[in-house]
Amino acid sequence: MTDRILVFYGSYRRDRKGIRLADYLVRELGQRGADVELIDAKAVDLPLLDRMYKEYPEGEAPPKLEALAEKIRTADAFVFVAGEYNWGVQPGLKNLTDHFLEEWFWRPAAVASYSMGRLGGARSNVAWHGTLNEMGMVVISSTLTVGQIHQALDEAGRPTGDGGAALERGFPRFADDLAWWTEAARAQRAKAEPPY
C-alpha cells in the first residue's frame, strides 16, 4: 500500500530558504514510492488562530480549512520542515498546526529542521517533538538537521557541499524510520479502533 505523506512547511519570508529542504523531502520520499504532497503554510494562508476547525459547526468551516482537514485526516504520516526562529518554532507552521487537533491523531510524524547557522534548527527540532506528541502524533526518533541551509541545498533543492552530503547520508535512516512507523500505525488502525 502506498504511504500518503504530507510535508508541512511554514515560512512566510519572501526570500525563504527552507523551501529547498521541503522540496528535497517531497522529491526523495516520492522516489521511494510514497504519495507526497507539500502543504505550504504561506500558500494555504490561514488567519491567525481564532477558531479551530473542530469549533465550527459542521459544514460551516471556511473551504480551505475544510480541505486541509480532509487531507490531514486521510494522510498516513506527516513531515514537518521546521525553521528555527530565536531558538523556537516558526510561527507560520505553528499557526497552521494549531487549527487542528483530532485530525492529527494516531499517525507518525517526523521533523526535519534547518537554519542559516551551524546547528541546523536543532532547538526548533526539539521543541516540535513535544508539540507534535501533545497533538496526538507519534514522533519518530530519527531527525534531520540542516545547517547553513543556503549552502547545503541549491534553489532546486539539490544537495550541495558538505551540508548537502550530510543530508544525503542522514535521509535514508530518517525515511526508513518514518516508513516503519507509518506501516505499523496503519496496521494497528486497521486492526482496532483507537481508544479515543
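The values are calculated or read from the model by the stated rules, or taken from the named source; none is laboratory data. The shown structure was predicted, so the numbers you read here are calculated from the model rather than taken from an experiment. Using ideal geometry, Cβ is built from the backbone for each residue, glycine included, and neighbour counts are taken over all protein chains shown.
Scan region 143-151 and give yes if some residue there is under 12 Å from the mean Cα position of the chain (by Cα) and surrounded by fewer than 23 Cβ atoms within 10 Å (Cβ to Cβ), otherwise no. Show your work before the answer.
Taking region 143-151 and keeping what is under 12 Å from the mean Cα position of the chain (by Cα), we get 143-144.
Right, trim to surrounded by fewer than 23 Cβ atoms within 10 Å (Cβ to Cβ) and you get 143.
Checked region 143-151: at least one residue is under 12 Å from the mean Cα position of the chain (by Cα) and surrounded by fewer than 23 Cβ atoms within 10 Å (Cβ to Cβ).
Does residue 114 satisfy being buried (at least 24 other Cβ atoms within 10 Å of the Cβ) and aromatic (Phe, Trp, Tyr)? Steps first, answer last, please.
On the way: buried (at least 24 other Cβ atoms within 10 Å of the Cβ): yes; aromatic (Phe, Trp, Tyr): yes.
For residue 114, the condition - buried (at least 24 other Cβ atoms within 10 Å of the Cβ) and aromatic (Phe, Trp, Tyr) - is met.
Is one or more of the residues making up region 178-194 modelled with pLDDT of 95 or more, over 19 Å from residue 21 (Cα atoms) and among the β-branched types (Val, Ile, Thr)?
The answer is yes, given that some residue of region 178-194 is modelled with pLDDT of 95 or more, over 19 Å from residue 21 (Cα atoms) and among the β-branched types (Val, Ile, Thr).
Evaluate region 16-33: report whether one residue or more is in contact (Cβ under 8 Å) with a residue 24 or more places away in the chain, hydroxyl-bearing (Ser, Thr, Tyr) and surrounded by fewer than 19 Cβ atoms within 10 Å (Cβ to Cβ).
no
Considering only residues that are surrounded by fewer than 12 Cβ atoms within 10 Å (Cβ to Cβ) and either closer than 20 Å to residue 35 by Cα or in contact with a Gly (Cβ under 6 Å, 6 or more places away or on another chain) (or both), which ones fall in region 174-196?
The answer is 187, 190.
I'd like to verify a number: residues in region 82-111 that are among the polar types (S, T, N, Q) and surrounded by 20 or more Cβ atoms within 10 Å (Cβ to Cβ), how many?
Step one: filter region 82-111 for residues among the polar types (S, T, N, Q), giving 86, 90, 95, 97.
When the remaining residues are screened for being surrounded by 20 or more Cβ atoms within 10 Å (Cβ to Cβ), the result is 90, 97.
Residues that pass the stated criteria total 2.
Might you let me know whether region 154-172 holds any residue that is in contact with a Phe, Trp or Tyr (Cβ under 6 Å, 6 or more places away or on another chain) and either not basic (Lys, Arg) or not in a loop (DSSP other than H, G, I, E, B) (or both)? Break it down stepwise before answering.
Step one: list which residues in region 154-172 are in contact with a Phe, Trp or Tyr (Cβ under 6 Å, 6 or more places away or on another chain), which gives 157.
If we keep only those that are either not basic (Lys, Arg) or not in a loop (DSSP other than H, G, I, E, B) (or both) too, we end up with 157.
Within region 154-172, one or more residues are in contact with a Phe, Trp or Tyr (Cβ under 6 Å, 6 or more places away or on another chain) and either not basic (Lys, Arg) or not in a loop (DSSP other than H, G, I, E, B) (or both).
Taking the residues in region 63-81 that are out of contact with any Phe, Trp or Tyr (no Cβ under 8 Å at 6 or more places or on another chain) and in contact (Cβ under 8 Å) with a residue 40 or more places away in the chain as candidates, determine which candidate is surrounded by the fewest Cβ atoms within 10 Å (Cβ to Cβ).
Looking only at region 63-81, we keep the residues that are out of contact with any Phe, Trp or Tyr (no Cβ under 8 Å at 6 or more places or on another chain), and these are 63-64, 67, 70-71, 73-76.
The next check asks that each one be in contact (Cβ under 8 Å) with a residue 40 or more places away in the chain; those that pass are 71, 74-76.
On the way: 71: 14, 74: 10, 75: 20, 76: 22.
This residue is 74.
Right, residue 147: among the small types (Gly, Ala, Ser) and touching a Gly at 6+ places or on another chain (Cβ under 6 Å) or not?
On the way: among the small types (Gly, Ala, Ser): yes; touching a Gly at 6+ places or on another chain (Cβ under 6 Å): yes.
Yes, satisfied.
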